[in-house]
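One structure follows; several queries about it will come next.
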Amino acid sequence: MMRAAASRADVLVAVSAFTAGRISELLTPRCPVVVIPHGVDHERFYPGTLDDTADLALLRPLGVRSPYVAFVGTMEPRKAVPDLVHAFAQVARGRPELRLVLAGRDGWGIREIREAIADSGVATQVLRPGYVPAGALAALLRQAEAVVYPSLLEGFGLPALEALACGAPLVTTSGSAMEEVAGDAAVLVKPGDTGALADALASVLDDNALRLDLRDKGPKVAAAHTWERCASQHLDAYRQAAGPGVQP
(Lines give C-alpha, C1' and ligand atoms only; values in the text may rest on other atoms or scores of the structure.)
Protein backbone atom coordinates (compact mmCIF):
# COMPACT_ATOMS: atom_id res chain seq x y z
CA MET A 1 0.00 0.00 0.00
CA MET A 2 2.77 2.43 0.91
CA ARG A 3 4.72 1.60 -2.25
CA ALA A 4 1.61 2.12 -4.37
CA ALA A 5 0.86 5.44 -2.67
CA ALA A 6 4.42 6.63 -3.16
CA SER A 7 4.23 5.86 -6.86
CA ARG A 8 1.03 7.89 -7.30
CA ALA A 9 1.48 10.84 -4.92
CA ASP A 10 2.45 14.34 -6.03
CA VAL A 11 4.05 15.10 -2.66
CA LEU A 12 4.96 12.85 0.25
CA VAL A 13 5.16 14.16 3.82
CA ALA A 14 7.64 12.64 6.29
CA VAL A 15 7.74 13.54 9.98
CA SER A 16 11.55 13.54 10.11
CA ALA A 17 14.57 13.55 7.85
CA PHE A 18 15.28 10.05 9.17
CA THR A 19 11.89 8.87 7.90
CA ALA A 20 12.35 10.76 4.62
CA GLY A 21 15.60 8.90 4.09
CA ARG A 22 13.92 5.55 4.69
CA ILE A 23 11.10 6.48 2.29
CA SER A 24 13.57 7.37 -0.44
CA GLU A 25 15.60 4.22 0.20
CA LEU A 26 12.73 1.73 0.36
CA LEU A 27 9.98 3.21 -1.83
CA THR A 28 11.92 5.16 -4.48
CA PRO A 29 9.15 7.77 -4.84
CA ARG A 30 8.79 9.79 -8.03
CA CYS A 31 7.68 12.94 -6.18
CA PRO A 32 9.26 15.31 -3.64
CA VAL A 33 9.46 14.14 0.00
CA VAL A 34 8.76 17.06 2.33
CA VAL A 35 9.89 16.88 5.97
CA ILE A 36 7.31 18.31 8.40
CA PRO A 37 8.08 17.52 12.05
CA HIS A 38 5.38 16.97 14.63
CA GLY A 39 4.51 19.70 17.08
CA VAL A 40 4.00 19.54 20.82
CA ASP A 41 1.14 20.90 22.91
CA HIS A 42 2.96 23.58 24.91
CA GLU A 43 -0.12 24.29 27.00
CA ARG A 44 0.21 20.76 28.45
CA PHE A 45 3.92 20.04 28.16
CA TYR A 46 5.96 22.79 29.80
CA PRO A 47 8.81 22.91 32.31
CA GLY A 48 8.11 23.17 36.01
CA THR A 49 9.79 22.70 39.36
CA LEU A 50 10.62 19.43 41.06
CA ASP A 51 8.27 18.52 43.92
CA ASP A 52 5.53 20.76 42.55
CA THR A 53 2.51 19.95 44.70
CA ALA A 54 0.03 19.96 41.79
CA ASP A 55 2.17 17.49 39.84
CA LEU A 56 2.66 15.25 42.86
CA ALA A 57 -1.10 15.19 43.46
CA LEU A 58 -1.64 13.94 39.91
CA LEU A 59 1.00 11.23 40.33
CA ARG A 60 -0.14 9.98 43.73
CA PRO A 61 -3.12 7.93 42.44
CA LEU A 62 -0.73 6.16 40.04
CA GLY A 63 1.52 5.09 42.91
CA VAL A 64 4.39 7.18 41.52
CA ARG A 65 6.73 8.89 43.95
CA SER A 66 10.14 10.48 43.60
CA PRO A 67 12.87 9.71 42.80
CA TYR A 68 12.16 7.80 39.61
CA VAL A 69 13.25 7.26 36.01
CA ALA A 70 10.42 7.32 33.47
CA PHE A 71 9.66 5.65 30.17
CA VAL A 72 6.48 6.44 28.21
CA GLY A 73 5.27 4.36 25.28
CA THR A 74 3.55 1.18 24.18
CA MET A 75 5.30 -1.92 25.50
CA GLU A 76 6.53 -3.55 22.29
CA PRO A 77 9.88 -4.90 21.05
CA ARG A 78 11.08 -1.90 19.04
CA LYS A 79 10.88 0.27 22.17
CA ALA A 80 13.75 -1.76 23.69
CA VAL A 81 12.16 -1.79 27.14
CA PRO A 82 14.08 -4.95 28.22
CA ASP A 83 17.32 -3.06 27.49
CA LEU A 84 16.09 -0.26 29.76
CA VAL A 85 15.18 -2.72 32.51
CA HIS A 86 18.64 -4.33 32.36
CA ALA A 87 20.35 -0.91 32.35
CA PHE A 88 18.22 0.28 35.25
CA ALA A 89 19.14 -2.86 37.20
CA GLN A 90 22.84 -1.93 36.90
CA VAL A 91 22.16 1.56 38.20
CA ALA A 92 19.52 0.78 40.82
CA ARG A 93 21.31 -1.77 42.96
CA GLY A 94 23.12 1.03 44.77
CA ARG A 95 20.03 3.24 44.83
CA PRO A 96 17.27 1.39 46.70
CA GLU A 97 15.07 4.49 46.73
CA LEU A 98 15.06 4.86 42.93
CA ARG A 99 12.14 3.56 40.86
CA LEU A 100 11.69 2.81 37.17
CA VAL A 101 8.24 3.85 35.95
CA LEU A 102 7.21 2.10 32.72
CA ALA A 103 4.12 3.99 31.60
CA GLY A 104 2.04 2.73 28.69
CA ARG A 105 -0.24 -0.02 27.49
CA ASP A 106 0.89 -3.56 26.78
CA GLY A 107 1.69 -4.24 23.14
CA TRP A 108 2.88 -7.38 21.39
CA GLY A 109 6.00 -8.96 22.84
CA ILE A 110 5.04 -8.04 26.41
CA ARG A 111 6.25 -11.42 27.69
CA GLU A 112 9.88 -10.49 27.07
CA ILE A 113 9.42 -7.31 29.13
CA ARG A 114 7.80 -9.19 32.01
CA GLU A 115 10.61 -11.73 32.00
CA ALA A 116 13.23 -8.97 31.98
CA ILE A 117 11.61 -7.36 35.03
CA ALA A 118 11.29 -10.69 36.85
CA ASP A 119 14.95 -11.58 36.18
CA SER A 120 16.36 -8.10 36.86
CA GLY A 121 16.87 -8.46 40.60
CA VAL A 122 15.18 -5.09 41.10
CA ALA A 123 11.60 -6.04 40.26
CA THR A 124 10.32 -4.34 43.43
CA GLN A 125 11.74 -1.06 42.12
CA VAL A 126 9.86 -1.27 38.79
CA LEU A 127 6.41 0.27 38.61
CA ARG A 128 3.99 -0.35 35.74
CA PRO A 129 1.03 2.04 36.08
CA GLY A 130 -0.27 1.19 32.60
CA TYR A 131 -1.90 3.94 30.55
CA VAL A 132 -1.30 7.34 32.15
CA PRO A 133 -4.20 9.80 31.80
CA ALA A 134 -3.48 12.88 29.70
CA GLY A 135 -3.64 15.16 32.71
CA ALA A 136 -0.92 13.27 34.55
CA LEU A 137 1.44 12.57 31.66
CA ALA A 138 3.21 15.94 31.70
CA ALA A 139 3.53 15.74 35.48
CA LEU A 140 5.17 12.31 35.12
CA LEU A 141 7.74 13.76 32.71
CA ARG A 142 8.36 16.95 34.70
CA GLN A 143 9.01 15.20 38.01
CA ALA A 144 11.30 12.46 36.63
CA GLU A 145 14.98 12.42 37.52
CA ALA A 146 15.44 11.31 33.92
CA VAL A 147 13.29 10.18 31.00
CA VAL A 148 14.75 7.30 29.01
CA TYR A 149 13.51 6.52 25.51
CA PRO A 150 15.81 3.78 24.15
CA SER A 151 13.69 2.90 21.13
CA LEU A 152 15.43 1.01 18.34
CA LEU A 153 13.37 2.62 15.58
CA GLU A 154 10.90 5.50 15.39
CA GLY A 155 9.48 7.63 12.65
CA PHE A 156 9.64 10.63 14.98
CA GLY A 157 9.55 9.79 18.71
CA LEU A 158 6.93 12.17 20.09
CA PRO A 159 7.41 11.10 23.76
CA ALA A 160 11.02 12.27 23.50
CA LEU A 161 9.91 15.71 22.29
CA GLU A 162 7.28 15.93 25.04
CA ALA A 163 9.97 15.12 27.62
CA LEU A 164 12.16 17.91 26.24
CA ALA A 165 9.26 20.35 26.41
CA CYS A 166 8.81 19.47 30.10
CA GLY A 167 12.47 20.10 30.83
CA ALA A 168 13.14 16.46 31.68
CA PRO A 169 16.73 15.21 31.32
CA LEU A 170 16.45 12.87 28.33
CA VAL A 171 18.46 9.78 27.42
CA THR A 172 17.67 8.39 23.97
CA THR A 173 19.25 6.63 20.99
CA SER A 174 21.78 7.95 18.50
CA GLY A 175 21.40 7.64 14.74
CA SER A 176 17.64 7.99 15.15
CA ALA A 177 14.77 10.38 14.61
CA MET A 178 15.05 11.18 18.33
CA GLU A 179 18.63 12.38 17.89
CA GLU A 180 17.43 14.53 15.01
CA VAL A 181 14.83 16.15 17.27
CA ALA A 182 16.88 16.42 20.47
CA GLY A 183 20.35 17.27 19.17
CA ASP A 184 22.57 18.21 22.12
CA ALA A 185 19.59 18.50 24.49
CA ALA A 186 19.78 14.76 25.29
CA VAL A 187 22.36 12.15 26.21
CA LEU A 188 22.62 9.79 23.24
CA VAL A 189 23.54 6.10 23.28
CA LYS A 190 23.90 3.48 20.59
CA PRO A 191 20.68 1.48 20.16
CA GLY A 192 20.81 -1.90 21.88
CA ASP A 193 23.91 -1.12 23.97
CA THR A 194 22.72 -1.87 27.50
CA GLY A 195 26.05 -1.01 29.12
CA ALA A 196 26.17 2.40 27.45
CA LEU A 197 22.54 2.99 28.42
CA ALA A 198 23.35 2.24 32.07
CA ASP A 199 26.39 4.56 31.95
CA ALA A 200 24.31 7.36 30.40
CA LEU A 201 21.57 6.98 32.98
CA ALA A 202 24.09 6.98 35.83
CA SER A 203 25.76 10.12 34.46
CA VAL A 204 22.45 11.98 34.39
CA LEU A 205 21.60 10.85 37.92
CA ASP A 206 25.03 11.67 39.36
CA ASP A 207 26.01 14.84 37.50
CA ASN A 208 23.95 17.77 38.74
CA ALA A 209 25.51 20.17 36.21
CA LEU A 210 24.57 17.83 33.36
CA ARG A 211 20.98 17.53 34.61
CA LEU A 212 20.62 21.29 34.88
CA ASP A 213 22.09 21.78 31.40
CA LEU A 214 19.63 19.28 29.89
CA ARG A 215 16.70 20.81 31.77
CA ASP A 216 17.65 24.19 30.31
CA LYS A 217 18.22 23.02 26.73
CA GLY A 218 15.17 20.77 26.33
CA PRO A 219 12.42 23.42 26.37
CA LYS A 220 14.43 25.62 24.01
CA VAL A 221 14.62 22.81 21.45
CA ALA A 222 10.94 21.94 21.91
CA ALA A 223 9.87 25.58 21.49
CA ALA A 224 10.47 25.34 17.73
CA HIS A 225 7.95 22.49 17.49
CA THR A 226 4.36 23.72 17.43
CA TRP A 227 1.24 22.20 15.92
CA GLU A 228 0.49 25.57 14.32
CA ARG A 229 3.78 25.45 12.43
CA CYS A 230 3.14 21.81 11.52
CA ALA A 231 -0.32 22.66 10.13
CA SER A 232 1.03 25.61 8.15
CA GLN A 233 3.71 23.44 6.57
CA HIS A 234 1.09 20.83 5.66
CA LEU A 235 -0.90 23.55 3.88
CA ASP A 236 2.22 24.43 1.92
CA ALA A 237 2.61 20.76 0.97
CA TYR A 238 -1.03 20.62 -0.20
CA ARG A 239 -0.48 23.74 -2.32
CA GLN A 240 2.63 22.17 -3.81
CA ALA A 241 0.69 19.02 -4.66
CA ALA A 242 -2.27 20.93 -6.07
CA GLY A 243 -0.10 22.94 -8.43
CA PRO A 244 0.32 26.65 -9.21
CA GLY A 245 -2.62 28.94 -8.57
CA VAL A 246 -4.63 26.43 -6.53
CA GLN A 247 -5.54 27.44 -2.97
CA PRO A 248 -6.70 24.52 -0.78
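Summarise the accessible area of the chain (1.4 Å probe, protein heavy atoms) by the percent that is carbon and sulfur.
Answer for the chain is 55 percent, counting heavy atoms of protein chains only.
Using 0.36 nm per residue of separation minus the Cα-Cα distance, give me the extension gain between residue 35 and residue 57 in nm, one decimal.
4.0 nm
Keeping every protein chain present and rolling a 1.4 Å probe, give me the accessible area per residue for the chain in Å².
It amounts to 48 Å² per residue over the chain.
Suppose R0 equals 22 Å. What FRET efficiency, 1/(1 + (r/R0)^6) with r the Cβ-Cβ distance, do residue 184 and residue 42 give to the nearest 0.05?
Working: r = 21 Å, r/R0 = 0.95.
Efficiency, rounded to the nearest 0.05: 0.60.
A follow-up question, please. Return the long-range amide H neighbours of residue 189 (sequence gap of 5 or more, or a different chain), with a cut-off of under 5 Å between placed amide H atoms.
Close amide H contacts, sequence-distant or interchain: 172, 173, 174.
Quick one: angle between helix 194-206 and the longest Cα principal axis of the chain, in degrees between 0 and 90, rounded to 10, please.
70 degrees
The values are calculated or read from the model by the stated rules, or taken from the named source; none is laboratory data. Please read all numbers here as calculations on a predicted model, not as lab measurements. Glycine also receives a Cβ, built like all others from the backbone with ideal geometry; neighbour counts cover every protein chain displayed. These accessible areas exclude ligands, DNA and RNA; they are computed on the full protein's heavy atoms, side chains included. Shrake-Rupley method; radii C 1.70, N 1.55, O 1.52, S 1.80 Å.
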